[in-house]
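The values are calculated or read from the model by the stated rules, or taken from the named source; none is laboratory data. Everything quoted here is computed from the prediction, not taken from an experiment. Positions of Cβ are generated from backbone atoms using ideal geometry, with glycine treated the same way; all protein chains shown enter the neighbour counts. Accessible surface areas use protein heavy atoms only, side chains included; no ligands, DNA or RNA. Shrake-Rupley method; radii C 1.70, N 1.55, O 1.52, S 1.80 Å.
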Amino acid sequence: MLLSSLPGFFKTRRDTLMKKTESEGAAFIFPAAREVLRNPDVAFPFRQESNFFYLTGFEEPEAWVVLVPGASKGAAYKTILFVRRRDPVMEIWEGERYGTEGALKIFGADEAFLHDEFAKKLPELLKNVEKVYYRTNLDEAEDRIVMGALEAHRRSMGRSGRPLLTVADPNTVLASMRIFKSKEEVEAMKRACEITAAAHKAAMKETRPGMNEFEIEAFIDYQFRKSGAQRVGYGSIIAGGKNACCLHYRANNETMRDGDLLLVDAGAEFNYYTSDITRTYPIGKKFSKTQATIYDLVLKAQLECIAMAKPGATQAAIHRHASEVLVEGALSLGLMKGKTDELITSGAVKRFYPHGTGHYLGMDVHDIGLYQVNGEPRKLEAGMMFTIEPGFYIQPNDMDAPAEYRGIGIRIEDDILITANGCDVMTAGVPKSREEIEALK
Ligand code: GLY
Ligand code: MN
Ligand code: MN
């Protein structure tokens, strides 16, 4: 069942958002995701913008949702949806639209208007408002409409001396909600993680020398969709051999060779929640000795970081620990020289470990949420989800590294839910010890 069949579910979120900002007299304005053309008359697949979906469950483009506070203290706030006009001809081409009637009846809007009426109506809706939460700088045309409405609103106040309404980023408030996963969200994430884990495991078995990276991309995509995921949460990275040293490799179009490793970073999106898993394994049957050495180092870092994940810990401390394990490994292999602390503080560690150890995870793969509070690393709390993904990459052109190490790139990534006393590894279903992986091949 899609979450969009539960309008009450989305209303509860709007209630929480408006309660949080009640004392500010603030309105919220969110545009739907824009439909982007890739050819004349052919759009890229549409996926609703995360905040818009989080608050409405509405999946059409060309829409706005406006939440306006009650006109007086204690009065209820209003949800106003602006949606596409119903159009019998377009609906034959593109499918049914909900129209204003659906916005009211199915999505629980208090008022609904056509998308074309947004610019005209907005100043009126902002009449009793003190502040506006709206994310600027994503789309110029949308900014012009909203800024125009703010100016019209100011002018309509006559000589009141009131300035232009303050505009603030809604993500500050929404992040404080989205960072803590509710029971329903944990369920959706759990499903996304299960689907993703099963697909990774199947891909491990499927991968053989001579296949192209895009075959594995398509194979994983098929596993995801067959299991009920609507789409990928981000473009899959299927990187054979040295391609794994490119962190966000996207070409996925090379033939895979025996003796190389394959790095697969892919996540299914289920009901708007995404998983994010990486595994690195032999394209053939076994890890070489050099590959095994680096693999075990990354796995040690990852397992120790997972053991640190509990309420009160910080992602900064987890990252620091991953960096220490990896630098100490590099020192003992003779890949680096110096002192662990200095190699981390100076940034020299980035030669082999150029990225962070994790990020919040949810509706967006790099989900919203503050990493620092009052200048200090934020403490982990139950209900937060994030990734733990150390990696070690020896660039193919790193002539200071021994030849047998060059072009090895390894990352191991799991999705973690912080619980009352520790954490759940939501993606534990994919093998990651060398023995388990080789047994599957
Ligand atoms: N898949 C992108 C990342 O791991 O951050
Ligand atoms: Mn990640
Ligand atoms: Mn990833």
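Calculate the tail of P(r) for region 8-50: the fraction of all Cα-Cα distances greater than 16 Å, expressed in %.
Beyond 16 Å sits 57 percent of the P(r) for region 8-50.
Rounded to the nearest 10 Å², what accessible area does Leu440 show when all protein chains are kept and the probe is 1.4 Å?
40
Output needed for region 181-277: three equivalent-ellipsoid semi-axes, defined as square roots of 5 times the C-alpha gyration tensor eigenvalues, in descending order, whole Å.
26, 13, 10
Residue farthest toward the positive end of the dipole of the chain, with Cβ of Lys/Arg at +1 and Asp/Glu at -1: which of Gly369, Val68, Ala251?
Result: Val68.
Below 8 Å between Cα atoms, with a sequence gap of 6+, how large is the relative contact order for region 39-117 in percent?
26
What do you reckon, how do Ile216, Ile145, Ile368 stack up by accessible area (1.4 Å probe), largest on top?
Ile145, Ile368, Ile216
Could you work out Rg/(2.2 N^0.38 Å) for the chain, with Rg from alpha carbons only?
Against the empirical 2.2 N^0.38 Å value, I get 1.11 for the chain.
Give me the net charge for the shell around Thr278: Cβ to Cβ below 11 angstrom, other residues only, Lys and Arg +1, Asp and Glu -1.
Cβ neighbours under 11 Å give a net charge of -3.
Would you work out the charge dipole size for region 152-287 about its Cα centre, treating the Cβ of every Lys and Arg as +1 and the Cβ of every Asp and Glu as -1, and quote it to the nearest 20 debye?
Value, rounded to 20: 620 debye.
Given the whole protein assembly as supplied and a 1.4 Å probe, what does the accessible area of Tyr133 come to in Å², nearest 10?
10
Given a 1.4 angstrom probe, I'd like the percentage of the accessible area of region 1-92 that is carbon and sulfur, rounded to a whole number.
The value for region 1-92 is 58 percent carbon and sulfur by accessible area.
Only helical DSSP H runs with n ≥ 4 go in: add -39500 (n - 2.57) per run for the chain, normalise by residue count and round the 222 nm mean residue ellipticity to 500 deg cm²/dmol.
Per the formula, -11000 deg cm²/dmol.
Can you sort Trp64, Trp93 by solvent-accessible area, 1.4 Å probe, largest first?
From most exposed to least exposed: Trp93, Trp64.
What net charge do the residues around Pro88 carry, taking every other residue with its C-beta under 14 Å from that of Pro88, with Lys and Arg at +1 and Asp and Glu at -1?
Here the count lands on 0.
Starting from 0 in steps of 5 Å, tell me what percent of the Cα-Cα pairs of region 297-441 lands in each bin.
2, 9, 17, 20, 19, 14, 11, 6, 2, 0
Divide, for region 136-226, the radius of gyration over alpha carbons by 2.2 N^0.38 Å, where N is the residue count.
1.99
On each of the three principal axes of the Cα atoms of region 1-129, give max minus min coordinate, whole Å, ordered largest first.
49, 35, 25
Among bridges DSSP assigns within region 46-162, what percent are antiparallel (round to 5)?
The antiparallel proportion sits near 55 percent.
Using alpha carbons only, how many degrees (0 to 90, rounded to 10) separate the axis of helix 140-156 from the longest principal axis of the chain?
The angle comes out at about 30 degrees.
Amide H to amide H, which residues 5 or more places from Arg231 or on other chains are under 5 Å from it, using H placed in the peptide plane?
Amide H neighbours of Arg231, under 5 Å, 5+ apart: Glu269.
Kindly express, to the nearest 10 degrees and within the range 0 to 90, the angle between helix 289-308's C-alpha long axis and the longest C-alpha principal axis of the chain.
Once rounded, one gets 40 degrees.
Starting from the 7 Å offset along Cα-to-Cβ, what nm value, one decimal, do you get for the label separation of Asp110 and Lys441?
Taking the two extended label points, one gets 6.2 nm.
Using 0.36 nm per residue, how much length does the chain from Ala141 to Glu117 gain when fully extended, once their Cα-Cα distance is taken away?
Extra length from Ala141 to Glu117 when fully extended: 7.2 nm.
Quick one: work out Rg over Rh on the C-alpha atoms of region 224-349, Rh as Kirkwood radius.
That ratio equals 1.02.
Please list, in order along region 408-416, the HN-Hα scalar couplings obtained from phi with the Karplus expression 6.51 cos²θ - 1.76 cosθ + 1.60 (θ = phi - 60°), rounded to whole Hz, x for Gly and Pro.
8, x, 9, 9, 10, 9, 10, 10, 10
How large is the Rg to Rh ratio of region 307-390 when both quantities use alpha carbon positions and Rh follows Kirkwood?
Answer for region 307-390: 1.02.
Could you identify which residue out of Phe386, Phe46, Phe107 has the top mean-square fluctuation in a GNM of the chain using Cα springs shorter than 10 Å?
Result: Phe46 has the largest fluctuation of those listed.
Considering only protein heavy atoms, what per residue accessible area in square angstrom results for the chain with a 1.4 angstrom probe?
Per residue, the chain has an accessible area of 46 Å².
What's the whole-number percent of alpha carbon pairs in region 378-429 lying beyond 13 angstrom?
Beyond 13 Å sits 66 percent of the P(r) for region 378-429.
Non-local amide H neighbours of Gly240 (under 5 Å, H modeled in plane, Pro and chain starts lacking H): which ones?
Counting only residues 5 or more places away or on other chains, the set is Leu263.
Report, to one decimal in Å, the Kirkwood hydrodynamic radius for region 401-441 based on all distinct Cα pairs.
13.1
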